[in-house]
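Please read the structure below before turning to the comments.
The values are calculated or read from the model by the stated rules, or taken from the named source; none is laboratory data. Nothing here was measured: the structure is a model prediction, and the numbers come from that model. Cβ atoms come from the backbone with ideal geometry, glycine included; neighbour counts cover every protein chain shown. Note: areas computed on protein heavy atoms with side chains; ligands, DNA, RNA excluded. Shrake-Rupley method; radii C 1.70, N 1.55, O 1.52, S 1.80 Å.
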Amino acid sequence: MLFASGKYLIFLAIVFFVYWLLAGKRRAPVFFLLLVSYYFYALWNPYYFLGMPSFGSLAFVPYVYPLDVVFGFLNKTLHFPDLTWLLLHYLLMALSMLALLRALGASPEGATLGAVTFTLTPNLVAVGAFGHGSQIMTAAYLPLLLLLLDRFARRGSLLALAGFALAAALQLLRGHVQIVFYTWLALGGYAVFLAVTGIREGRKEEALRAPLGLAAGLLLGFGMSAFLYLPTHEYAKLSVRGGGEGGGAGLEYATAWSFHPREILTFVIPSMFGFGGRTYWGSMPFTDYPNYMGIVPLALAIYGAIRWPGKIRWYLVAMAGIALLLSFGKHFQPLYSLLYFHLPFFNKFRVPVMILVLLQFAVGALAAFGLTKALERPATSRDKGKDPGAFWMRAALIAVVGGVLVTALLHAASDSLVGAALRDHPNIGEQGARQALDMASLDAIKSALLLGIGFMVVAFARRGRLRRVVAAAAILAVTAADLWVIDRKIIDPQVGSPEDYAGYFKETPEVTFLKSDSTLFRVFPQQWNDSRLAAYGIASVLGYHPAKPRLYQALADTAGIMSSLNMLKFLNVKYVLLDGRLPPATPGVALRHDDDVKVYEVLGALPRAYVVHRLKPVRDDVVALATIRTSGFDPAHEALWTEPDPLPPMAEPSESDSVRVIRYDFNEAEFLVSTAAPGLLVLADQYDPDWKATVDGSPAPIHRVDYLMRGVLVGPGVHRIQFRYVPGALEAGIRISTVSLALTLALAGAGLFQRRRKRTPPLASAGAEPPPEPPR
């Protein structure tokens, strides 16, 4: 979608140099960045709906994430595998989790278990396997940010604070705002925890640095990403995410993907409600894989929450509990509604189950502390005569017996469970329901055996029959095998060859036909969420994006895109794609391409741009939508006008109007209009306040007409009308990002200077060891 060429580069260099001389060096870098974004970047996407911002909606943001340059070099120059970017973020998650847990007092063995558990959590593997790469890449920064905040709060390291700001910016620039929001909730909670414990334990500097460091780091991080998020914030007001209660997504819509409390059972038995689309009978739409975290880490997390002496466990327990309750969404609506209506920005997000990433993080961390504590050998003087492994041996026996009893219970209640599955999901059929029950039974036995093995390993280690490192390796092996079995079931169906990927975008006969039409038009695709046509420069009146333009969605909900041929004509839909033939006598359409996919032309479809000479005043948007729904106006000759009186002068022309397309690009459109009487040029594209227009070089206002389209008044004569997409938030964001980056680099320089000047304090006596740091 980038359309750079050599002539653009030369032009840009000349303009930049001239501007540098005339306007001064202070503003030149900002101007340079604006030119780059305007001439080489697709800020507007004309191929979905009736058009929408591509940059502000986060639909097209390549080269914004700085590490993309690194991954491009690894892939294209060093020929690394295509998914290197994804695997490296999993590695970042694992290593930063390991470092964080070690900093918080976990043993090397415990920290390794926590890192493996969090990284291999099936839910996080699923989002990577199913194409939600930005979600896992954003989540990878969670432990790193907590580590850097902890280091600044406890040590006062300016280098750590600069690193925190840079990591926050990188996470923001990955573009998954919801995971960023949940990360900031976790960081805010941790800053409060550090401040409270610092005050109570007399570490006042730490108590002060935690909130100040958090505020400064996040402010700088957001500042460095402002060039992306200011346009995003502006677009949110115009999207369905800003059209519900309180300017949000709408409570019902936002809670559609709520985690049902009964699915907590999948924490222990991953296939309790089936597995995958064919056998799944739980409550989640689409997201039909278990939120399993490993049976042994879960048990050790509970043990760590009870027995770990450090206060950090209370922060982790609170995080896990709050995340679980919020994930219930509509199933625990009083709490969710409270935050939805009162916590800033919370109402912009949907899919409450996504917050379980904080629960999964907390379970991994608590499991690290649990294993650290479990593998400690008790003091012999205090526990003389006691069997240090007796508790764990009894727990192993209870786990195995419990697994057998649960399996027996599942089979005893098989008819009831099958009936419940068929009531909730009739499409899976009785065979699918029985298969789901068999999978649950096998998982119950498997979980019991793995838990029993894990407890026995701990028992032998505490009795001294296994070395600590051997016991830890055994528990790691059990955990990795347990999680990998689930992960493979998720990954395998998603593995495709490069040939499969290329085949998906192979030009098909109907695409070849559509490309042969050089006019501006839209199509009605076979599938509502078909995004493939955009790859060939073919505009669709439908498409998929989680934050559609609000005006478009209201039109679709009220009038219906496919409600009539008149609606298709109104929206510049020239072709309809079908997999079968229409009756030969179907009026208003003509078969133009006959193949596996039939292409029918909608006869009389309006062009993308045309002139009308009558205005039909309507009181407001509600009346405008009702008029469109009832076909109460003739869009080929009149436009709906919602602006206050007086109406601009109009007249019928003595000869036909002419509208010729000069240029139609991502960020610009230009038309040559010839009319013999005052009229209104209607451009059948989505209205957006950041579009600017000129008539013969002079600025002209763009009016919102026909509820959601653009209109420009023209007088008699020949006029050159230019539309240009100029998001004002982008310029402000670039300025803020430039200043924030400079401040962060200066902070990093000060941190390096601080580090060089810092001296290690002398020990009290030669050869003395510093006292060990107490558990946090």
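Descriptive notes on the structure:
- Euclidean distance of C-alpha centroids, segment 323-378 and segment 103-158, integer Å: 15 Å
- Secondary-structure-derived ellipticity at 222 nm for the chain, considering helices only, amounts to -16500 deg cm²/dmol, per-run term -39500 (n - 2.57) for DSSP H runs with n ≥ 4.
- Size of charge dipole - segment 409-477 - debye, nearest 20, with Cβ of Lys, Arg +1 and Asp, Glu -1, no other charges: 800 debye
- Were the residues from ASP579 through VAL623 laid out at 0.36 nm apart, the gain over their Cα-Cα distance would be 12.2 nm.
- Using a probe radius of 1.4 angstrom, the carbon and sulfur fraction of the accessible surface of the chain is 64%.
- Computed about its Cα centre, the charge dipole of the chain is approximately 3720 debye, with only Lys, Arg, Asp and Glu carrying charge at their Cβ.
- Annotation for segment 642-701: GluC sites (Glu not before Pro) lying in DSSP loop with at most 10 further Cβ atoms inside 10 Å of their Cβ are GLU655.
- Positive end of the dipole of the chain (Cβ unit charges, origin at the Cα centre): among ALA554, ALA742, GLY304, the Cα lying farthest that way belongs to GLY304.
- In terms of distances greater than 27 angstrom between alpha carbons, the cross-link table entries LYS548/LYS692; LYS506/LYS692; LYS574/LYS616; LYS311/LYS348; LYS237/LYS330 yield LYS506/LYS692; LYS311/LYS348.
- The length gained on full extension between VAL726 and THR558, counted as 0.36 nm times the residue separation minus their Cα-Cα distance, comes to 57.5 nm.
- Rolling a 1.4 Å probe over the protein heavy atoms gives the chain an accessible area of 46 Å² per residue.
- Model label points for LEU397 and LEU339, set 7 angstrom from Cα along the Cα-to-Cβ axis, are 4.3 nm apart.
- Cβ-Cβ FRET estimate between ALA750 and ALA408, R0 fixed at 56 Å, reported to 0.05: 0.30
- The spacing between segment 635-705 and segment 556-628, judged by their C-alpha centroids, is 21 Å.
- Residues of type aspartates and glutamates that LYS446 reaches as a straight line, Cα spacing below 14 Å, ignoring anything fewer than 8 places off in the same chain: ASP438, ASP482
- Length released on extending from SER698 to LEU67, taking residue separation times 0.36 nm less the Cα-Cα span: 223.0 nm
- Global geometry of segment 634-691, whether rounded, prolate or oblate, following the gyration tensor of its Cα atoms and the 1.5 cut on a/c: oblate
- When the charge dipole of the chain is built from unit charges on Cβ atoms (+1 for Lys and Arg, -1 for Asp and Glu) and taken about the Cα centre, the candidate among LEU230, LEU100, PRO53 whose Cα reaches farthest toward its positive end is LEU100.
- For segment 311-441, the calculated P(r), taken from all Cα-Cα distances in 5 Å bins from zero up to the bin holding the longest distance, is 2, 8, 10, 10, 10, 15, 15, 12, 9, 5, 3, 1, 0 percent.
- The chain: angle of helix 6-23 to the longest principal axis, Cα-based, in degrees nearest 10: 90 degrees
- Filtered chymotrypsin sites (Phe, Trp or Tyr not before Pro), segment 37-87: DSSP coil and at most 12 other beta carbons within 10 Å: TYR63
- Note on segment 284-417: dipole from Cβ charges, positive end direction compared against MET354, GLN333, GLY321; the farthest Cα belongs to GLY321.
- Inter-centroid distance (Cα atoms) of segment 437-477 relative to segment 176-244, Å: 39 Å
- Degrees separating the helix 356-374 axis from the principal Cα axis of the chain, which is the longest one: 10 degrees
- Checking every one of the trypsin sites (Lys or Arg not before Pro) in segment 429-470 against DSSP loop status and a limit of 12 other Cβ atoms within 10 Å picks out ARG465, ARG467.
- Lys, Arg +1 and Asp, Glu -1 on Cβ, resulting dipole of segment 311-422 about Cα centre, debye, nearest 20: 440 debye
- Once both labels are positioned 7 Å from their Cα atoms along Cα-to-Cβ, the gap between SER654 and SER631 label points is 3.5 nm.
- Calculated from the structure at hand, Rg/Rh (Cα atoms, Kirkwood Rh) is found among (i) 1.03; (ii) 1.07; (iii) 1.00 as (i).
- Taking label points 7 Å from Cα along the Cα-to-Cβ direction, LEU265 and LEU422 give a separation of 1.8 nm.
- Computed from Cα atoms, the angle from the helix 728-757 axis to the main principal axis of the chain rounds to 30 degrees.
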